[in-house]
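Only one structure is covered here, and it is reproduced in the block below.
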Amino acid sequence: MSGDESQSNNPEQPSEKKRLSNGVYFKIVGYVLTAGWIGFILAASGGDSSHPLFDYIFIVPLAGWIIGMLIARVVAKKSGADKQ
């Protein structure tokens with residue numbers, strides 16, 4: 001066997017680096033922002049659920065995720081990514 005054949009059977013070739021899609025990166029950013037927001041609200045309110053800021057602990061991240069999904073859908077339609 002030659003050296004070329006052993007490289008073609010190797011699934012992890014150095015020339016082809018595996019990358020995450022942009023959607024995965026945005027989900028990770030969304031998770032981090034959500035956790036940061038919840039942490040901020042817990043720190044600012046001192047964990048007191050009667051604090052006025054505590055009303056927004058889940059509403060703001062939910063609105064952010066919904067807006068993000070709508071923007072992703074619009075961008076996908078404009079770019080033609082949904083067509084196969």
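The values are calculated or read from the model by the stated rules, or taken from the named source; none is laboratory data. Given the structure is predicted, the values throughout are model-derived calculations rather than measurements. Every residue, glycine as well, gets a Cβ built from its backbone with ideal geometry; the counts of neighbours run over all protein chains shown.
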| remark: Exactly one of GLY39, GLY23, GLY68, GLY30 is assigned to a helix (DSSP H, G or I), of a type in the set (Gly, Ala, Ser) and at pLDDT 95 or above, and that residue is GLY39
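Starting from residues that are within 17 Å of PHE26 (Cβ to Cβ) and among the hydrophobic types (A, V, I, L, M, F, W, C), keep the ones in the stretch 52-65 and report whichever is modelled with the lowest pLDDT.
The residue in question is TRP65.
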| Taking the stretch 46-58 on its own, how many of its residues are assigned to a helix (DSSP H, G or I) and within 16 Å of ALA35 (Cβ to Cβ)? | 1
